[in-house]
Amino acid sequence: MKAPFPFSAIVGQDDMKLSLILTAIDPSIGGVLVFGDRGTGKSTAVRALAALLPPILRVEGCPVNAERPEDVPDWAVLETKTVSEAPTPVVDLPLGVTEDRVTGALDIEAALTRGEKAFQPGLLAKANRGYLYIDEVNLLEDHIVDLLLDVAQSGENVVEREGLSIRHAARFVLVGSGNPEEGELRPQLLDRFGLSVEVGSPPDIESRVEVLKRRDAYDRDHAAFMLRWQAEDAAIRERILTGRKALKKLDTPDETLTDVATLCVALGADGLRGELTLLKAARAYAAWRDDTALTRKHVRDVAAMALRHRLRRDPLDEAGSGTRVERVVEEVFA
Amino acid sequence: MPDFASPLFHAALALDLVAIDPGLGGLVLRARSGFVRDAVVGRLSRLPLPLTRLHPQVSDEALYGGLDLAATLAAGTIVQEQGLLTTPSTLLLSMAERCPPGLAARLAGCMDREAGHMLIALDEGAEPDEACSPTLADRVAFRVDLEGATLAETRAPLDAPDLAEARARLAQTMVTLDLHRQTAELAVAFGVDGLRAPMFAIRAARAHAALRDAPLAAADVEVACAMVLAHRATRIPERDEDTETESPEPPPPDDGDGAEETPDQDSLEIPQELLLEAVSALLPPDLLDQLQARALRGARGSGAGAVQKGNRRGRPLPSRPGRPGNGARVDLVGTLRTAAPWQRMRAETAAVRDGLHIRASDIRLKRYEDRSDRVLIFAVDASGSAALARLAEAKGAIELLLGEAYARRDYVSLIAFRGTASEVLLPPTRSLVQTKRRLAELPGGGGTPLAAGLQTAMAEAEAARRRGMSPTICVLTDGRANIALDGSADRKQAAADAEKIARIARASRIEGLVLDCGNRPERSLATLADVMGARYLALPRANAERLSAAVSAALGD
């Protein structure tokens, strides 16, 4: 299989790229929702992310990618307990997937042929400590959505069925993409995504031509193209790692907390999740920029992506909520 | 410029280009099954990869491979089965217009991974709104409509150039034009927003040049843009020089090759007009209709509509024999219960082996009963008699109902009738923003073509039912029908027509609701509702909230 299109070679789409990077720096931000038309590079960016992310340490062969041997669930039979580096998992959740595939289920194979009651882990196990990507998330069936909501909130997948009683860690960054024309997302699911960005095709001919040129080069001279962008991808990876360290040392002054709270109150965002995400996103953004202290500027820059999908929304309101956030930001921070 | 008047030639050229550069993804072939289509499908053997046939109900096991249950149970050891997608092949998807969103997403994912698959989607849609899923159509370069191709044409020999040689030439094709800019600008001019299309156009131009065994020239770009962009166009660019006709006439077919006529253009920019002309020639004649018909299709299930039996959720029903896969869940207890009586007999006859003896025929599947999605079809009277104030009230009521429909996850469709005809303002959708926008734009005035409105609503309801949804028609009007189906202002005929349609609606058991929002209750409307088997609600001086409450009550929730 061909290596995916390099992340750094994606032209424009800065919001989308930034939001993905922020979740890489602080996975607890809780996922990204990318809404936009077809052919705007949504899936390209997510697939490129897999190659970009720094590797994780995990027990070899562990179905839930446990970090330490003692975290390996007891239903998993492993031959070795050696810990080694592995790429951060980026798992695709295809549309129309069955519940069994998502949560895992009784291993029918083992049950029928060997008469054993074994657990076959599902996609949630595979995505633990990594990313779970849902393309066309707005077309996902409701019962799968319910299931994901439950797991995303608790960080644990509980399987109680067919005589099995299994629980395992399932902490993942949920990345969803979709085309708003094909349907809307339930507010409950919207709220679970930490950040939300809207993408469109580049408006100017120049960047469109640039996209075409790069894509063409990728298709025609693959090896050279990958080599050309390898260094820039590596630079981003380095910055993510530095950012993760910087995040721990970053100060959060009280006035920034006040800023965040004022902003959320002014916008009427539901619940405290908005405040927390905005704060986390601003901190991750500051760490990414390698700034030493959190300031109003950081909050201002990430406010739209952290809050636009949380506004108490009249389902019939057609004004873009992104502009609404920006307007309120201008007023509050004037 | 080749002669695209012959759809068969068009299809053959598209297939040749795909064979030269598999990166073009493939082709959507819109045609009913028949000799003409068979002639094109016959040429698929020229593609470099083996052919794999898919149908819209293909299961995950078949696609991705998995346990071969019958063989496994017989052998007592695990026997794996290969999936259709495991090795690169040309996927031939028949009845592509029936492809469910789940399969479309999976195939799209498979194409995106660039494992080397090609997709030939046979779209057999009869109506304009029955079409291959846009998710798939976007990922293949070409679309050919075989309508209008005659049997005689299938006999005309199509040249069969050596594709293997052309493929070898592909990498060496010289490019002297600013291909990227040309295609990008052209795509914008035709309102093609995504960047896959210009990408395909570039590849197609190269493949065409390789096919001709010549350096890439203006003619290649013309052909490529015409084939890739024309069917994706969302608008017709304005041309400065002359705006002779609204619908662009196909230019007279050139006798010679375009490149011969313009040999000096190889290193120059191609005049934009030339490309515009080339693409316009291939624009589908019913472009505007198609734009409207790009209906929104979504997931189904768990709505408030009619009951349908499924195998994944809802209220449990007794289990049935069957094969696991395609999302079905095995009822383990049921399976064991079926197998239990045979254990002793099987243990005696079968080879020495411990454990249970279960055969494929013992497998029982779980079944559930679920409700399908409901679609509310609003047929709104926007005639002159429904004076402006009333129309505004009707709009207000519909907006309230929309809010409720949103909460119930119902689909909504909007039809307006006024003047002499009715039109579908919005095909079934869950997107409320769109509905509201269309509603706000709804103009008023003219006669009351009630029959036409009912007819359109019926057609919409039938289409929705075919897609597995449960339709409910909600007619909002205030008066007697005064325009007949043929558009004449004949009250008597109009009433008869409306009654006829109402009778058909009753026969096809479509749920209905007639809301009389006139100043005084109108007797003829009550009769009409009776004929239709619909509920009649007179709401003199209705305000939006009362209307909405009435509909909610009538719909039983």
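The values are calculated or read from the model by the stated rules, or taken from the named source; none is laboratory data. No experiment lies behind these values; they were computed from the predicted model shown. When we count neighbours, we look across all protein chains shown, and the Cβ atoms used for this are built from the backbone with ideal geometry, even at glycine. These accessible areas exclude ligands, DNA and RNA; they are computed on the full protein's heavy atoms, side chains included. Shrake-Rupley method; radii C 1.70, N 1.55, O 1.52, S 1.80 Å.
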Please give the per residue accessible area of segment B:1-160, computed with a probe of 1.4 Å over protein heavy atoms only, in Å². 39
Rounded to 5, percent antiparallel among DSSP beta bridges of chain A: 45
Over 24 Å between Cα atoms: which of A:LYS126/A:LYS249; A:LYS126/A:LYS280; A:LYS42/A:LYS126; A:LYS17/A:LYS280; A:LYS248/A:LYS297 fall into that group? A:LYS126/A:LYS249; A:LYS126/A:LYS280
Phi angles of segment B:330-338, converted by Karplus (6.51 cos²θ - 1.76 cosθ + 1.60, θ = phi - 60°) into ³J(HN,Hα) in whole Hz with x for Gly and Pro, give 6, 8, 5, 5, x, 5, 5, 4, 5
Expected output for segment B:90-139, residues with a loss of 50 Å² or more in accessible area relative to the chain alone at probe 1.4 Å, reads B:ARG106, B:ARG113, B:GLU114
Mind checking the per residue accessible area of segment B:375-554 for me, 1.4 Å probe, whole number of Å²? 40
Counting helices only, and only those DSSP H runs with n ≥ 4, report the 222 nm mean residue ellipticity of chain A as the sum of -39,500 (n - 2.57) divided by its residues, in deg cm²/dmol to the nearest 500. -14500 deg cm²/dmol
List the residues of segment A:111-153 whose accessible area drops by at least 10 Å² when all protein chains are present, compared with their chain alone, using a 1.4 Å probe and counting only protein heavy atoms. A:LEU112, A:THR113, A:ARG114, A:ASP135, A:GLU136, A:LEU139, A:GLU141, A:ASP142, A:HIS143
Taking every residue of B:190-198, the Cβ atoms of other protein chains inside 10 Å of its Cβ average out to 5
Can you tell me what the convex hull of the Cα atoms of segment B:77-231 projects to on average, as an area in nm²? 12.9
Minimum 40 Å² accessible area buried by the other protein chains, segment A:63-101 residues, probe 1.4 Å, relative to alone: A:LEU95, A:THR98
So the carbon and sulfur contribution to the accessible area of segment A:1-104, 1.4 Å probe, in percent, is 51
Could you work out the relative contact order of segment A:7-199, using alpha carbon pairs under 8 angstrom and six or more residues apart, expressed as a whole percent? 31
P(r) of segment A:7-199 over all Cα-Cα pairs, binned every 5 Å from zero, in whole percent: 1, 8, 16, 19, 19, 15, 11, 6, 4, 1, 0, 0
Taking the Cα centre of segment A:254-332 as origin, work out the dipole magnitude from +1 charges on Lys and Arg Cβ and -1 charges on Asp and Glu Cβ, in debye rounded to 20. 220
Relative intensity, log₁₀ I(q)/I(0), of segment B:1-160 from a Debye sum that treats every alpha carbon as a point, q = 0.15 Å⁻¹: -0.80
So if I restrict to the alpha-carbon atoms in segment A:254-332, what is the Rg, and what is Dmax, the biggest pairwise distance, in Å? 12.3, 43
Using a 1.4 Å probe, what is the accessible area per residue for chain A, in Å²? 43
Per residue and in Å³, how big is the convex hull formed by the alpha-carbon atoms of segment A:165-278? 267
I want the antiparallel fraction of DSSP beta bridges within segment B:41-132, as a percent rounded to 5. 25
Heavy-atom accessible area ranking, 1.4 Å probe, most first, across B:ASP220, A:ASP37: A:ASP37, B:ASP220
Expected integer from the mean partner chain Cβ neighbour count at 10 Å over A:211-219 is 5
Quick one: buried accessible area between A and B, total over both chains, 1.4 angstrom probe, nearest 100 Å²? 5200
Output for segment B:375-554 (equivalent-ellipsoid semi-axes, sqrt of 5λ from the C-alpha gyration tensor, Å, descending) is 22, 18, 16
Go through segment A:70-86 residue by residue and turn each phi into a ³J(HN,Hα) via Karplus (6.51, -1.76, 1.60, θ = phi - 60°); whole Hz please, and just put x for glycine and proline. 6, 7, 5, x, 6, 7, 8, 9, 10, 7, 10, 10, 6, 9, 9, 7, 8
With point charges of +1 on the Cβ of Lys and Arg and -1 on the Cβ of Asp and Glu, referenced to the Cα centre of segment A:12-100, which listed residue (A:GLY39, A:LEU49, A:THR88) lies farthest in the positive direction of the dipole? A:GLY39
In whole percent, what relative contact order does chain A give with Cα contacts below 8 Å and a gap of six or more residues? 21
So how exposed is B:PHE378, as accessible area in Å² (1.4 Å probe, rounded to 10)? 0
Using the Kirkwood formula over every pair of different C-alpha atoms, what hydrodynamic radius in Å results for segment B:48-108? 12.7
Top of A:ILE240, A:ILE21, A:ILE205 by mean-square fluctuation, Gaussian network on chain A, Cα under 10 Å: A:ILE205
Over chain A: Rg over Rh, Cα atoms, Kirkwood Rh: 0.98
Step through the residues of segment A:201-210 one at a time and calculate ³J(HN,Hα) from phi using the Karplus curve (6.51 cos²θ - 1.76 cosθ + 1.60, θ = phi - 60°), rounding each to whole Hz and writing x for Gly and Pro. 5, x, x, 9, 4, 4, 6, 4, 4, 5
Considering amide H positions built from the backbone, and no H for Pro or chain starts, which residues 5 or more places from B:LEU93, or on another chain, come under 5 Å of its amide H? B:LEU54, B:ILE120, B:ALA121, B:LEU122
Cα centre as origin, Lys/Arg/Asp/Glu Cβ charges: segment A:7-199 dipole, Debye: 500
Of the beta bridges DSSP finds with both residues in segment A:7-199, what % are antiparallel, to the nearest 5? 45
Could you please state how large a percent of the accessible area of segment B:375-554 is carbon and sulfur, counting protein chains only and using a 1.4 Å probe? 51
